[in-house]
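Take a look at the structure set out below.
Nothing in this text is a laboratory measurement; each read-out follows from the coordinates by a stated rule. Bear in mind that the values here come from a model prediction, so they are computed numbers and not experimental data. Cβ coordinates were reconstructed from backbone atoms using ideal geometry, including for glycine residues, and neighbour counts include every protein chain displayed.
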Amino acid sequence: APALALRSVTAGYREATEPALVDVSLEIPRTGHVALVGPSGAGKTTVFSLLLRFIDPRTGRLELDGVPYEQLSIDDVRSRIAYVEQETPVIPGTVRENVLFRDDDASDHEAWEALEAVRLDQKIRAFPEGLDTAVADTILSGGERQRLAVARALVRRPGVLLLDEATAQLDGTTEAAIQKVIGEAARTGAVVTIAHRLSTILDADRIVVLDHGRIRDTGTHRELLARD
Ligand code: ADP
Ligand code: ADP
């Protein structure tokens, strides 16, 4: 069975409005990188909201490792899926504490490894929220907060990594480090990105083009280009 599947899913936010997704069927393999692309409002975030069970479908169903979501608890689902959202929520405390906050079992070494992967290991003692008395190198920039969010997801060694890169504020070097992290995660698990950067789209094993709540096309970037 695929890691995740949407089977003829229709979903929306209010009975009266147009559904945000219409009859969407999508399988996410156990390994590899699937990139969701499409204009604003296409339904990309709604796919993530369904996968994380923040919302339920109106019709159709979702599956995790072939098991329908109705047979799973919210914890079953969220313990298997790590999510890097647009806005990085930070808790008061150090970077280290922030990395470990969704995974109490991870060791300091694992936290350091995850931070090293995103090139944030130098900042392990920094305070993402900032401190009144902070000197410059103990606080985090927007891009660093985003890398913190990626490290927080990685430390859980998730079977599935969902990554919304919409507000990515990364410079070239850091972007390359994150691309590498995504590539490595996709070798051992499933990675789904809401992809905005061209480099992410080109790196993906499969691209899913959403528009007005429907899947318009899917394939490798070569296949999509050949069809244009
Ligand atoms: P994308 O991530 O591709 O920009 P979304 O999944 O966020 O698209 O949105 C799909 C559709 O659902 C849009 O028409 C959007 O306005 C609507 N929508 C998204 N979130 C909400 C919400 N919380 N309440 C009402 N409508 C929403
Ligand atoms: P808790 O994290 O304490 O279980 P919730 O499940 O209610 O709390 O989630 C609170 C917020 O944390 C959600 O609105 C969402 O933004 C985020 N969240 C929940 N589950 C995950 C997850 N698996 N990965 C990343 N963020 C998550």
If I fit a long axis through the Cα atoms of helix 142-154 and take the longest principal axis of the Cα atoms of the chain, what angle between them do I get, 0 to 90°, rounded to 10?
70 degrees
Counting all Cα-Cα pairs in region 1-98, those more than 15 Å apart amount in percent to 66 percent
Taking Cα atoms, the helix 172-188 axis meets the longest principal axis of the chain at an angle in degrees (rounded to 10) of 60 degrees
Length gained if Ser8 through His109 is fully extended, taking 0.36 nm per residue and subtracting the Cα-Cα distance, is 32.1 nm
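Would you calculate, for the chain, the mean residue ellipticity at 222 nm contributed by helices, counting each DSSP H stretch of 4 or more residues as -39,500 (n - 2.57) and dividing by all residues, to the nearest 500? The partial results should precede the final answer.
Working: 8 runs with 73 residues, N = 228.
Taken over the chain, the calculation gives -9000 deg cm²/dmol.
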Does anyone have the angle between helix 108-117 and the longest principal axis of the chain? Alpha-carbon axes, 0 to 90°, nearest 10?
70 degrees
What whole-number distance in Å separates the alpha-carbon centres of region 42-109 and region 11-32?
17 Å
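Quick check for me: using +1 on Lys/Arg Cβ and -1 on Asp/Glu Cβ, what's the dipole size of region 1-145 about its Cα centre, in debye to the nearest 20?
Details: 15 positive and 25 negative charges, 104 e Å.
Charge dipole of region 1-145: 500 debye, to the nearest 20.
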Region 72-225 -> Rg/Rh from Cα coords, Kirkwood Rh, value 1.00
Once the mean of 1/r over all distinct C-alpha pairs in region 7-55 is inverted, the Kirkwood radius in Å reads 11.8 Å
Name the residues of region 38-55 whose amide N is less than 16 Å from a point 7 angstrom out from the Cα of Asp76 along the C-beta direction?
51-54
